[in-house]
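Asks: Here's a structure for you.
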Amino acid sequence: MSTYGGAVALLVLGAVGVGCVYLLHRALTVSTATLTALPFQSGWLPQEHALSRFHARWYPMTLLFLAFDVEMLFMYPWAVIVARAGPSAVVEMFAFLGVLLVAVVWAWREGALRWV
């Protein structure tokens, strides 16, 4: 039993953590009856319900944003080690940017960059 003691303790700790977060959510949530109330201090009347769906044209734009976000995620650590790694790091980064450029050109051809 001692070999599985750590795993069982971690499982119990995870279950207690999930239970605490669930109870915190139940304590702090807003009732569904107040969802029709006006937004606090916005000054504008709501145009649609707060839980309304987004139009499908926003999803390709979101994916394009995530592609650029992941690009930056990889470029920051690369900028730190590029001087130490040498020319091979520069070649690898330009290959990575080339793949992303192909993705952007494809998204452009598919119309993901059109707003309307």
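Read-outs: derived from the displayed coordinates by stated rules, not from any lab. This structure is a prediction, so every number in the text was calculated from the model and none was measured. Glycine also receives a Cβ, built like all others from the backbone with ideal geometry; neighbour counts cover every protein chain displayed.
Asks: Averaged over all directions, how much area does the convex hull of the C-alpha atoms of region 55-116 cover when projected, in nm²?
Replies: 4.4 nm²
Asks: Describe numerically, in nm with one decimal, the distance between label points set 7 Å from Cα along Cα→Cβ at R84 and at D69.
Replies: Here the modelled spin labels are 2.9 nm apart.
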